[in-house]
């Protein structure tokens, strides 16, 4: 571990509760509708949309990393920034560059696993309750960004009737919801690593949100409800704000002793 990396005696991520997962799914759905609103409804295209949301993400993550304590609205704003940037970036690679859903999903999955592997190799744990250094926090947000981008590509691949598996938006949502249910069952009834299960659930919420978002705003001819992307995005954003107002979130606990290279965090309560 880099001993010059400053310690953090507080957590800047929320406690992982049922509310966390509800807000996460809403935020990923918002990322899909808001991303589509800029690239499609405004006709700005995937490249311009990616540039806009990437700029917002960089500014937001800079504020988040420099923050001195947990701010729930800031945290979720950064999450939404990763979902919108991930949406437009994945669409740019898959469609504009012609990589395709399978190619995009494979590349992004490899990048995500590489990021997690480097994080684990460098700090000995990828647990959210081991974010005790700035370095760990940067790894966390890099992993989040890769997972959000992967989720868009994977969701489109499963749902798209022409270039994907053709399960449709409802079918894709059911597949990813079933995956989340299996992860939840494993959390409560098996001894599998809670850290591994956390990241599995975190990754699965993104394609679930992507397929639900597409179901809301895509044309009826393609299996969607054809709702206004602006209205859908505004409603989803309002739901997040209301949820945080009604059910205030606490920061994730930071262990008394920071994890060292040998503390692998296999059974932390994610």
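Readers should treat all values here as calculations from the given coordinates under stated rules, not as data from a laboratory. Being a predicted model, the structure only gives us computed values, none of them experimental. Please note: Cβ atoms are built from the backbone with ideal geometry, for glycine as well, and neighbour counts cover all protein chains shown.
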May I ask for the angle, rounded to the nearest 10°, between helix 194-217 and the longest principal axis of the chain, with both axes built from Cα atoms and the value confined to 0 to 90°? 20
Rounded to 10°, Cα long-axis angle of helix 229-246 versus longest principal axis of the chain: 30
Give me the angle, in degrees from 0 to 90, between the Cα long axis of helix 18-36 and the longest principal axis of the Cα atoms of the chain, rounded to the nearest 10. 40
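So how do 116, 108 line up by other beta-carbon neighbours within 10 Å, fewest first? Numbers along the way, then the final one.
Details: 116 18, 108 25.
Ascending Cβ contact count within 10 Å gives the list 116, 108.
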Need one number: nm distance between label points at residue 246 and residue 165, each 7 Å from Cα along Cα→Cβ, rounded to one decimal. 3.3
What's the center-to-center distance, using Cα atoms, between segment 118-161 and segment 43-82 in Å? 15
Distance in nm between residue 185 and residue 106 label points, each 7 Å along Cα→Cβ, equals 3.1
Average Cα contact separation per residue, the chain, under 8 Å, 6 or more apart, as relative contact order %: 30
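I'd like the FRET efficiency for residue 118 and residue 174, computed as 1/(1 + (r/R0)^6) with the beta carbon distance as r and R0 of 25 Å, rounded to 0.05.
On the way: r = 34 Å, r/R0 = 1.35.
The calculated FRET efficiency here is 0.15.
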The chain: calculated mean residue ellipticity at 222 nm from DSSP helix runs of at least 4, using -39500 (n - 2.57): -22500 deg cm²/dmol
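Neighbouring Cβ atoms within 10 Å as the yardstick, rank 188, 120, 101 fewest first. Write down the numbers at each step before the final one.
On the way: 188 7, 120 16, 101 23.
Starting with the residue having the fewest Cβ neighbours, the order is 188, 120, 101.
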